[in-house]
Structure formats: C-alpha cells, structure tokens
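Okay, structure first, notes after.
Values in this text are rule-based calculations from the coordinates and carry no lab data. These numbers were taken from a predicted model, which means no experiment stands behind them. So basically every Cβ, Gly included, is an ideal-geometry build from the backbone, and we count neighbours across all protein chains shown.
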Amino acid sequence: MDNKSLSLLELTRLVASLVQCPETQNVWVTAELSDVAVRGGHCYMELLQKDERGLQVAKARGVIWASNFPRIDAEFFAATGQRFATGLKVMLRVSVSIHSVYGFSLVVTAVNPEYTMGDLLRRRREILNRLKQEGILELNRQLQWPAVPQRIAVISAPGAAGYGDFINQLYHNPARLRFVTRLYPAMMQGTGAPQSIIAALEQISADTESFMWDGVVIIRGGGATSDLQAFEDYELAANVAQFPLPVAIGIGHERDITVLDWVANKRLKTPTAVAEWLITTGENALGFLISVGNRILQLASERLTGNKEQLAHAESLLPVAARNAVERSQSRLLNAAANLSGVSARRLHPQLTRLDMTLQAISTAAANRIARQRTRIDNAATLLEALSPMATLRRGYSITRVNGHAVTSVNDLAPDTIMETTLADGTITSKISETKKSNLQ
Amino acid sequence: MNATPVKELTYNQAITELEGILRLMQSDDCDIDRLAALTRRATELIAECRCRLVATDEELRAILADLEK
C-alpha cells in the first residue's frame with residue numbers, strides 16, 4: 001500500500017474542487033426553512049426536506065451572507081409579507097460550498113418568493129377547507145359582540161410594545177369609556193406560539209364565568225421579525241373558530257392575512273386599531289345615549305307645549321263658551337215659553353168654551369128646574385089650598401068630633417052625646433037629639 | 001311601566017327600554033299623564049347607561065395606577 005497520504009486540508013480542497021463545479025453553482029433548490037438566525041448581518045438557517053410523514057430525508061446548512069441578506073430579505077418580505085422563518089417552504093438559488101473548517105453548506109444568492117407564496121396559499125387553503133368541511137369556519141364570525149364591549153380578555157406577549165400601545169390607547173380614551181381588561185400572556189411567535197395561544201384561550205374560557213368577558217382580543221405588535229407562520233395553524237384556527245366569545249385580531253400586519261384572520265370575528269390591522277375600534281363602539285353608544293336624551297327632551301317639551309297651547313286655547317274659549325251657553329239656554333227657555341203659551345192657548349180654548357157652555361147649560365138647567373119646581377110648588381100650594389080643611393071649612397063644611405075623634409058615620413053617634421063642631425072661624429059644642437041614617441051612601 | 005330598577009338591567013335591556021320609551025313618546029297615544037314618568041325613567045336609564053360606559057376620575061386613576069405596576 002502506498003503510504004503517501006493527503007492532509008485533511010488537501011482532501012477537503014480536493015472535495016471542494018470536485019464539488020464546486022458549474023452543476024452545483026447557482027442552482028435553484030426547494031426546501032423548508034428551520035432554525036433561522038441572523039448573526040453579524042449574516043443569516044444562517046437549516047434547509048430541510050421531509051417526506052409525507054414529516055420525517056427528514058435531507059438536511060443542509062444554508063447561509064445568506066451579509067452582503068446579500070438585506071436585499072434578499074427585503075425582496076422576500078415585499079412579496080410575501082414574511083421574514084425568513086421556520087416552517088416556510090422556499091425556493092433558493094444556492095451554490096454548494098465546501099469549507100475546510102465549516103464543511104458543507106449552501107450559500108444562498110437569490111430567492112423566488114412566488115414559490116413560498118404559492119406554498120403558503122396552498123397550505124392556507126388546505127386549513128380553510130378542512131375548517132369548512134368540519135363546519136366550524138364561520139362559527140366565531142357569527143357571534144355578536146355586545147352593544148358596547150367593555151370587558152376584554154387580552155392575549156398578548158407581556159411587555160410587548162403592541163400590548164402597551166393597546167392598553168394606553170384604551171385607558172386614555174378622551175370619552176373616558178370604562179374598560180376592564182386582563183392580560184392572558186402567550187408566546188406570539190415561534191413554533192410554540194399556537195399551543196401557547198390555545199392555552200391562553202382555555203384559561204379565558206375557564207375565567208369567563210367570574211370575569212364575564214365580552215370578548216377576546218389577540219394582539220401582537222408588528223416587529224421587524226414578524227413571523228406570521230404561528231397564525232397559519234390548523235389547531236389554533238379551529239380553537240378560535242369554536243371559541244364561545246367573539247375574538248378580535250390585531251396582529252400587526254398590513255399586507256397579508258392569515259388563517260386566523262379568516263376565522264376570527266373581527267380582523268383589524270394593529271393593536272391600536274383594535275383599541276380604536278373598541279373606543280369608537282363605546283363612543284357611538286355614548287352618542288346614541290346623548291341623541292336619545294335630546295330626542296326625549298324635545299318630545300317631552302313638544303308634548304308639553306302642545307298640551308299647554310291646547311289648554312290655553314280651551315281657557316280662552318271658556319268665558320265665551322259659558323256666555324254662549326247661558327244665552328243659548330235663555331233663548332231656548334224663551335222659545336219654550338212661547339211655544340208653551342201657544343200650545344196652552346190652543347189646548348185651553350176649546351176647554352174653556354166647553355166650560356162656558358157647560359156653565360150656561362147648568363144655569364139654564366137650574367133655572368128650568370127651579371121654574372118647574374116653583375110651578376109644582378104653586379100647583380101643590382093651590383092643591384093644598386084646595387085640600388086644606390080651613391078652605392073646606394070656609395066653604396061651609398065643618399068637622400064634627402066626639403071625644404077628639406072626627407065623626408064620619410051616624411052609627412058612631414048616639415043621642416045626648418056631646419059633640420064638638422069645628423067651623424072655619426070657631427067651634428060649636430052641642431048635644432045630639434036625634435040621629436037618622438041617610439041613604440045617600 | 002316596567003318598574004325594574006335600572007341598576008338591575010343589563011345595558012342591552014336598558015337601551016331596548018329606552019328605545020321603547022322613545023317610540024311611545026313619538027306615537028300619538030302617549031298620555032300626557034305619563035309624560036313626566038316616562039321622561040324620568042328615560043333620564044334614569046340614560047344616566048345608568050352612561051355610568052356603565054364611562055369611568056369616574058378615581059376609577060381611571062386606580063386603573064392607570066395598576067398599569068404602572
């Protein structure tokens with residue numbers, strides 16, 4: 001065996017010279033990003049390839065030198081709204097490099113953001129389709145915020161600028177709207193973010209009974225290292241979609257929306273925009289109260305004025321009305337009286353006539369009767385005169401009595417009987433000497 | 001009239017009642033006898049709603065003091 005050997009450096013240089021041929025330089029490669037870190041202006045990353053089950057089948061170190069990184073980063077961000085971050089699928093132009101100390105690495109010289117965009121859209125579509133198939137995509141969006149949301153559970157990274165802005169805005173609102181907030185801290189970026197946010201949601205759910213939250217706000221200040229991949233997560237989206245309280249999102253991105261924005265009830269760009277929305281809602285409610293108050297005041301005074309006018313009108317009518325009423329009554333009375341006399345005249349006249357006639361008849365009848373009675377009396381008097389014994393006596397007749405009893409038969413008399421004879425002008429006492437019965441009877 | 005004390009109403013109930021009063025006062029069958037009562041009730045409701053929406057100075061100071069911690 002030839003004991004001539006190569007130094008390590010010679011070997012690596014040999015490998016490098018063999019590998020660094022035109023076929024390995026400036027080739028486009030697709031990979032998934034992992035462990036992205038920026039140090040000293042250079043961007044280091046791991047490039048991965050996984051199979052369908054998620055197992056790594058290839059792995060390589062990648063680097064973007066500081067001379068290229070700002071340009072590539074800006075280009076990528078402008079197109080995708082994303083920074084280089086774990087989980088992103090990328091298409092990079094790389095050159096294979098073998099370094100005697102650092103070994104195999106891929107030096108990135110360009111990026112094709114469209115590939116990443118396409119991949120993100122495809123992944124988002126998959127998540128959205130799954131949520132839709134499960135019938136939960138729209139659930140949170142169908143919830144209603146109360147008329148004035150005032151009790152707000154906030155999910156944010158503690159100490160984050162976005163959280164501070166939100167709280168400052170909310171509690172320094174000029175209308176002095178009353179808000180009650182509580183921070184439920186969560187990691188807002190990195191691979192642990194979805195689980196951390198889900199845990200915060202669960203805590204809010206457990207607290208809802210005691211805090212009576214009106215809704216949830218998930219906020220994150222927009223920073224240079226925005227990593228929206230955390231929000232492109234099925235589990236997180238499914239949790240938000242099915243959360244029983246309405247969720248508002250302000251995760252500090254302008255140009256792109258995440259799956260979370262699709263499922264959340266309210267999507268706003270930044271934490272301050274969420275605060276503004278809450279304040280505006282409250283101010284509108286205050287404005288409504290003021291307008292209702294004014295309207296009620298106006299209606300009440302209109303009603304009062306109307307009624308006062310009506311009353312004044314009635315008042316002004318009252319004296320005239322009274323006078324008119326009296327006058328009307330008087331004229332009615334007069335008419336009635338006039339009518340009455342007419343009526344009585346018509347009614348009385350025949351009666352009076354009848355009465356007069358009756359009176360006349362009565363007096364005539366009485367006079368007739370008196371005359372008749374007088375005649376009868378006269379007749380009777382004449383008769384009486386005729387029948388009276390005095391008249392008889394005067395005509396020569398006399399009455400003979402024995403012992404006071406008138407004598408009508410000779411049979412009642414005997415001789416020597418004392419008898420008394422009454423004449424018209426006196427009496428004779430005599431003694432019977434003889435009786436003789438005549439045959440005249 | 002609904003005599004539920006305003007403190008016991010939810011904000012939405014109060015607003016709904018307020019709108020009802022407004023409608024009643026706009027309609028022709030608003031009795032002048034009830035006008036004062038309606039206006040008083042509306043005023044109470046508005047005051048209560050405002051009170052729910054707006055924090056007092058002391059409350060604000062307390063909240064902001066909490067935030068400073």
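Charged side chains reduced to their Cβ positions (Lys and Arg at +1, Asp and Glu at -1) give the protein assembly as shown a dipole of some 3020 debye around its Cα centre. Amide H to amide H, with H built 1.01 Å from N, residue A:110 comes under 5 Å of A:93, counting only residues 5 or more places away or on other chains. For the protein assembly as shown, dividing the convex hull volume of the Cα atoms by the residue count gives 490 Å³ per residue. Between the residues A:85, A:96, A:152, the greatest Cα displacement towards the positive end of the dipole of the protein assembly as shown, with unit charges on the Cβ of Lys, Arg, Asp and Glu, is found for A:152. Among A:252, A:215, A:54, the residue with the largest mean-square fluctuation in a Gaussian network model of chain A, with springs joining Cα atoms closer than 10 Å, is A:54. Distance between the 7 Å Cα→Cβ label points at residue A:35 and residue A:20: 2.4 nm. Take the convex hull of the alpha carbons in the stretch A:30-169; its mean projected area over all directions comes to 12.9 nm². Looking at the protein assembly as shown, send over the antiparallel percent of its DSSP beta bridges, to the nearest 5. If we restrict to bridges inside the protein assembly as shown, about 65 percent are antiparallel. Of the DSSP H helices in chain A, those that are both long (alpha-carbon extent of 27 Å or more along the helix axis) and hydrophobic (Kyte-Doolittle mean at least -1.0) are A:271-387. In deg cm²/dmol and to the nearest 500, what is the mean residue ellipticity at 222 nm of the protein assembly as shown if only DSSP H runs of at least 4 residues count, each as -39500 (n - 2.57), divided by the residue total? About -18000 deg cm²/dmol. The amide H of residue A:218, built 1.01 Å from its N in the peptide plane, has A:155, A:248, A:249, A:250 as neighbours under 5 Å, considering only residues 5 or more places off or on other chains. For the stretch A:332-441, which GluC sites (Glu not before Pro) are in a loop by DSSP, counting at most 11 other Cβ atoms within 10 Å? When the GluC sites (Glu not before Pro) of the stretch A:332-441 are filtered for loop state and at most 11 Cβ neighbours within 10 Å, A:434 remain.
Positive-end ranking of A:106, A:326, A:289 along the dipole of the protein assembly as shown, with charges on Cβ about the Cα centre, is headed by A:326.
Of A:125, A:374, A:267, the residue with the greatest mean-square motion in the GNM of chain A, using alpha carbon springs below 10 Å, is A:374. Among A:60, A:147, A:367, the largest mean-square fluctuation in a Gaussian network model of chain A, built with springs joining Cα atoms closer than 10 Å, belongs to A:367. In the stretch B:6-68, inverting the average of 1/r over every pair of distinct C-alpha atoms gives 13.5 Å as the Kirkwood radius. Protection proxy ranking, highest mean first, for peptides B:45-56, A:240-251, A:335-346: A:240-251, B:45-56, A:335-346, where packing is the per-residue count of other beta-carbon atoms within 10 Å, averaged.
When chain A is described by a simple charge dipole with +1 on each Lys and Arg Cβ and -1 on each Asp and Glu Cβ, the residue from A:20, A:348, A:49 located farthest towards its positive end is A:348.
A Cα-only calculation for the stretch A:134-283 places Rg and Dmax at 14.0, 44 Å. Here the gap between residue A:294 and residue A:421, fully extended at 0.36 nm per residue and compared with their Cα-Cα distance, gives a gain of 31.5 nm.
For an R0 of 41 angstrom, estimate the FRET efficiency from the Cβ-Cβ distance between residue A:142 and residue B:29 and round to the nearest 0.05. Efficiency, from the Cβ-Cβ distance: 0.60.
Sort out for me the Cα centre separation of the stretch B:4-37 from the stretch A:6-72, rounded to whole Å. Using only Cα atoms to place each centre, the spacing works out to 74 Å. When +1 charges are put on Lys and Arg Cβ atoms and -1 charges on Asp and Glu Cβ atoms, the dipole computed for the stretch A:134-283 relative to its Cα centre reaches about 500 debye.
Here the dipole of chain B is about 60 debye; that uses its Cα centre as origin and unit charges on the Cβ of Lys and Arg (positive) and Asp and Glu (negative). The GluC sites (Glu not before Pro) found in the stretch A:80-169 that occupy coil by DSSP, while having at most 16 further C-beta atoms within 10 Å, are A:134, A:138.
Note on residue B:36 and residue A:391: the model spin-label points, each 7 Å out from Cα along the C-beta direction, lie 11.1 nm apart.
Summing charges over neighbours of residue A:239, with a neighbour being any other residue whose Cβ is under 13 Å away from its Cβ, gives -4 when K and R count +1 and D and E count -1. Annotation: peptides A:316-323, A:28-35, ranked by per-residue average of other Cβ atoms within 10 Å with the highest first, follow the order A:28-35, A:316-323.
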